[in-house]
Amino acid sequence: MLELKNISFMVNDDNNDKEIIRDVSFTVPDGELIAITGPNGGGKSTLAKLIAGIENPSSGRIIFNGEDITDISITDRAKRGIGFAFQQPVKFKGIQVFDLIKLASGKNISMTDACSFLSEVGLCARDYIDREVNASLSGGELKRIEIATLLARKPLLSVFDEPEAGIDLWSFNNLIEVFHGMRENIEDSSILIISHQERILDIADEIIVLKDGMVSVKGKRDEVLPHILGTSSAVPECRKGAMKPKGEDIC
Amino acid sequence: MLKLDEIQKRLLREVADLHKVPEGAYNIRSNGKSAGRESTENIEIIPREDGQGLTVRIKAGTKNESVHIPVVMTESGIKEIVYNDFYIGEDADIIIVAGCGIDNCGNQDSEHDGIHRFFVGRNARVKYVEKHYGSGEGKGKRILNPGTEVYLEENGSMEMEMVQIKGVDDTLRTTKAELKTASRLVVRERLMTHGDQRAISTYVVDLMGEGSSADVVSRSVARDSSYQKFDAKLIGNAACSGHTECDSIIMDRGRILAVPGLEANNVDAALVHEAAIGKIAGEQIIKLMTLGLTEAEAEEQIINGFLK
């Protein structure tokens, strides 16, 4: 179980302190899928990075399975069981898909095992296992490989930062199926997804709306979803440019 | 009979992936002398009269055969220049594995300068693999100065893989190639330098024939206080295509100078160069840390992949 207690995060922007996250508290219980939504610039990605240890809060504590992890490194948090899927998957020169999945699993897994994770995210394993994780792969392919690394890692808490960003409609439909599968096999683990997509919010146990760095709404899916449908916090389908002002995404 | 001690065997494994005496034609040079040699029906290895090198003749049409010519040096203070000439007959398709391993435990410099010339016949294909490796705790430097000349006849092709990852203190590599009609040269160089090492690599590729092509790519990592210079010049004298690329990671106080050069003397010459030098991207390290690796482990994986 993950607990955020009064988390705040300040950045120094042009010599002005700006509070990106303001006194945020919530819990991700075991066996549950929590979705965080809200307008762009509301602090969602920052919150995900604070949980993974990529950023450190200005104040507040993060407790994971009873242990205060606020001051421990990214590596140690990963070892405790926190997994993180980047919004923009990182590219590497020379590192192959198989290498990345093997590193993620933390074991000397076989090619067959690695392939099974790729198949789970809808990639034909044979075509991808030897590919380099570089710009020759499309946004959707990189995204699915990113998710496959999390499946291989089997974390106690999986954090997904906008899994739908930068992918095409076909990949998006496939992604929804992957999350459905993860939801069914959640058991003692938990999932935190940052997303605007109604179809992702629809499988959440609880929805948190983050606005201006603060929790503006929080509650069970059935209570929250009807109030945010049709806003930028819950986009019904893939409407081009509906959520990204730059219009860079199909989805 | 071939007799090698444990250090020599280890060097052979490093430079030629050899665990035992190779199959096919070979010559193993150890501490300035031939330690074993074998010719085959199609591949003749003839020592030069002065003992300083070999002439290797590969018959026309020879397919799927290999030549191994590794060099190992374990005595401190040896300095040698070796001239090896390869004549590859028309339509042959072969692999040549060279490489030099120096173990210098003494205080005198050890130096091996291998001067290789390749005469590649019409339609012949050559894959050339050369690995350099140094070890030993002595104060004496391990120096390797390879000089390579490649002459490609019509429709000939040569693919060169050159690797120097560890332990060589000083290298000056010069590679020169002349390409006739429809011939093709591919170079993949991988280099890592440590400590105060210095590595200079110079290429001059002359694209003389119509339809000839060259692709010269170097990937390198400079760590500690080491220095590298990559100087690749492509000269397009006909309707040809050429690409050169230097992709480098610098760490610590490492320094790299990339000097890509293109010279087009024909309006149909298409030449491209790319050069990029930079430290490891922070996000790559962070990504691997989220998979449970420490920062140092992440760096190691990124470099291993980069030089793979």
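The values are calculated or read from the model by the stated rules, or taken from the named source; none is laboratory data. Note that the structure is a prediction, hence the values are computed from the model and not measured. Cβ: placed from backbone, ideal geometry, glycine included. Neighbour counts: every protein chain shown.
Values computed for the structure shown
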{"read-out": "Top-ranked residue of the stretch B:94-125 - restricted to ones that are of a type in the set (A, V, I, L, M, F, W, C) and not in a strand (DSSP E or B), ranked as farthest from B:T148 (Cα to Cα)", "value": "B:C105"}
{"read-out": "Considering residues of the stretch B:195-209 that are farther than 24 Å from B:L144 by Cβ and free of Cβ contacts under 8 Å to residues at least 40 places away in the same chain only, the residue farthest from the other protein chains (Cβ to nearest Cβ)", "value": "B:M208"}
{"read-out": "Residue among A:N6, A:N40, A:N12, A:N16 that is surrounded by fewer than 18 Cβ atoms within 10 Å (Cβ to Cβ) and modelled with pLDDT of 95 or more", "value": "A:N6"}
{"read-out": "Exclusive hit being touching a helix residue (DSSP H, G or I) at 6+ places or on another chain (Cβ under 6 Å), of a type in the set (A, V, I, L, M, F, W, C) and at pLDDT 95 or above, set B:L288, B:L293", "value": "B:L288"}
{"read-out": "Total residues in the stretch B:228-242, condition touching a Cys at 6+ places or on another chain (Cβ under 6 Å) and more than 12 Å from B:L257 (Cβ to Cβ)", "value": "0"}
{"read-out": "Among (1) surrounded by fewer than 17 Cβ atoms within 10 Å (Cβ to Cβ); (2) of a type outside the set (V, I, T); (3) farther than 28 Å from A:T27 by Cα - the single one A:K102 does not satisfy", "value": "(1)"}
{"read-out": "Out of B:Y133, B:Y128, sole residue that is assigned to a strand (DSSP E or B) and farther than 21 Å from B:D109 by Cβ", "value": "B:Y128"}
{"read-out": "Unique match (being buried (at least 23 other Cβ atoms within 10 Å of the Cβ), over 27 Å from A:C115 (Cβ atoms) and out of contact with any Phe, Trp or Tyr (no Cβ under 6 Å at 6 or more places or on another chain)) among A:L192, A:L225, A:L175", "value": "A:L192"}
{"read-out": "Matching entry among B:I69, B:I58, B:I45 (being touching a Ser or Thr at 6+ places or on another chain (Cβ under 7 Å) and crowded, with 17+ Cβ neighbours inside 10 Å)", "value": "B:I45"}
{"read-out": "Residue match in the stretch B:68-91 (condition: out of contact with any strand residue (DSSP E or B) (no Cβ under 7 Å at 6 or more places or on another chain) and without any contact (Cβ under 8 Å) to a residue 24 or more places away in the chain)", "value": "no"}
{"read-out": "Qualifying position, being assigned to a helix (DSSP H, G or I) and over 24 Å from B:P146 (Cα atoms), among B:E210, B:E300", "value": "B:E300"}
{"read-out": "Boolean, B:A238 is touching a residue at least 60 places away in the same chain (Cβ under 8 Å), crowded, with 16+ Cβ neighbours inside 10 Å, more than 14 Å from every other protein chain (Cβ to nearest Cβ) and over 18 Å from the mean Cα position of the chain (by Cα)", "value": "no"}
{"read-out": "Selection count where residues are over 23 Å from B:A222 (Cβ atoms) and under 23 Å from the mean Cα position of the chain (by Cα), scope the stretch B:272-308", "value": "1"}
{"read-out": "Residue satisfying all of: in the stretch B:271-306; surrounded by fewer than 16 Cβ atoms within 10 Å (Cβ to Cβ), touching a strand residue (DSSP E or B) at 6+ places or on another chain (Cβ under 7 Å) and hydrophobic (A, V, I, L, M, F, W, C); nearest to the other protein chains (Cβ to nearest Cβ) among these", "value": "B:A276"}
{"read-out": "Those helices (runs of 4 or more DSSP H) lying entirely in the stretch A:18-132 with at least 3 residues closer than 20 Å to A:L175 by Cα and more than 14 Å from every other protein chain (Cβ to nearest Cβ)", "value": "A:111-120, A:125-128"}
{"read-out": "Criterion: crowded, with 23+ Cβ neighbours inside 10 Å and not in a strand (DSSP E or B) - qualifying residue of B:V168, B:V150", "value": "B:V168"}
{"read-out": "Filter result for the condition that a residue is touching a Leu at 6+ places or on another chain (Cβ under 7 Å) and within 30 Å of B:G140 (Cβ to Cβ), over B:S183, B:S212, B:S226, B:S220", "value": "B:S220"}
{"read-out": "Number of positions in the stretch B:171-198 that are buried (at least 23 other Cβ atoms within 10 Å of the Cβ) and either touching a Phe, Trp or Tyr at 6+ places or on another chain (Cβ under 7 Å) or among the β-branched types (V, I, T) (or both)", "value": "2"}
